[in-house]
Amino acid sequence: MGYAYPTIIQGSDGDQFGDQVTPLFPVGQKLELPDNRIFRYAEMGNTIGVANKLYQSEVPLAGWLREEILGNGLYGDNHVGLQNTSQAVIVNEFAEGYFMFEAAADLGHIYPVAENDILASGTPGTGADACRFKPGVFLQFEVLDAGGNVFHIFKNPWKDIIIKPASDQTALVVGIPPSIIVGNDWGWCQTRGIASCLVAGTLIIGQECRADDAVAGAVAEMDYDDTGNDSNGPVGRVVEVAPSADFGLIALSID
């Protein structure tokens, strides 16, 4: 089953630290501290996490994208069938995630997922009514199992997060964990406010910074004259200029 979100948690200093073997909140839950720093509750990927480095979502797999729908989706339905050609799905892998119809004729509606059934990979793996939406959410438009109608299904951005690789980002940048989170455990990931992060190169005080494309998990100077840099987009502004390969302060602005 999916969780029910509480309102934004008004936390105390120190609540952002720690590692939980069993989740205390739904993935993506928002925490705000007294100084307005904001965090999201995240599940770490398979590898043990590193504190104060930039993280991103898991790269969406091909078997979750542009798959043909299974069965007609009728107005008012709270569920849809799933099928895929290459990627098995485990129970509730997409809980707190999103289901979306891609075709222009289907109007691009997006639906929050409450739970999903197991789905084998195959030719294709199928599951009638395998994806169920959050209570009160239902299909806004009839979508027929015909005519090239396809769907995407996405995990929550803060589920199975990975360190931002030493390349252009390969998925959405989601924030900075302030403490170590063991692989497949849960903890908080900072998305806004004054944060510590690994630095690559020379930053400029007050200027924008971006996810670095050469050092994993680091931020670097934002240079709009360099077409290779601006494509990554800013993640915040520089508060303190630290030496390269050390940790500096940034005003994070992801969330």
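Numbers below:
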| quantity | calculated |
| --- | --- |
| Ranking of MET222, MET100, MET44 by count of other Cβ atoms within 10 Å, fewest first | MET100, MET222, MET44 |
| Compactness of the range 62-154 - radius of gyration and Dmax, Cα, Å | 11.7, 33 |
| Nearest-20 debye value, the range 62-154 charge dipole, Cβ charges on Lys, Arg, Asp, Glu | 100 debye |
| Extension gain from ASP225 to SER167, taking 0.36 nm per residue of separation minus the Cα-Cα distance | 19.0 nm |
| Rounded, prolate or oblate (a/c below 1.5 giving rounded, otherwise prolate when a/b exceeds b/c) for the range 182-247 by Cα gyration tensor | prolate |
| Segment ALA104-ASP13, length gained on full extension (0.36 nm per residue, minus Cα span) | 28.1 nm |
| VAL241, VAL27, VAL91 arranged by Cβ crowding within 10 Å, fewest neighbours leading | VAL91, VAL241, VAL27 |
| Gained length - VAL91 relative to VAL241, 0.36 nm times residue gap less alpha-carbon distance | 49.5 nm |
| The chain - Rg over Rh from alpha carbon coordinates, Kirkwood radius | 1.02 |
| Derived scalar couplings ³J(HN,Hα) [the range 249-255; Karplus, 6.51 cos²θ - 1.76 cosθ + 1.60; whole Hz; x for Gly, Pro] | 9, 10, 8, 6, 9, 6, 10 |
| Options ILE38, SER57, TYR98, ranked by Cα towards positive dipole end of the chain, top entry (Cβ charges) | ILE38 |
| Fewest-first ranking of ASP226, ASP185, using other Cβ atoms within 10 Å as the exposure measure | ASP226, ASP185 |
| Convex hull (Cα only) mean projected area of the range 116-244, reported in nm² to one decimal | 12.4 nm² |
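Every read-out reported here was derived from the displayed coordinates using simple, explicitly stated rules and does not represent laboratory data. Here the structure is a predicted model, which means the values were calculated and not measured. For neighbour counting, all protein chains shown are included, and Cβ atoms are generated from backbone atoms with ideal geometry for every residue, glycine included.
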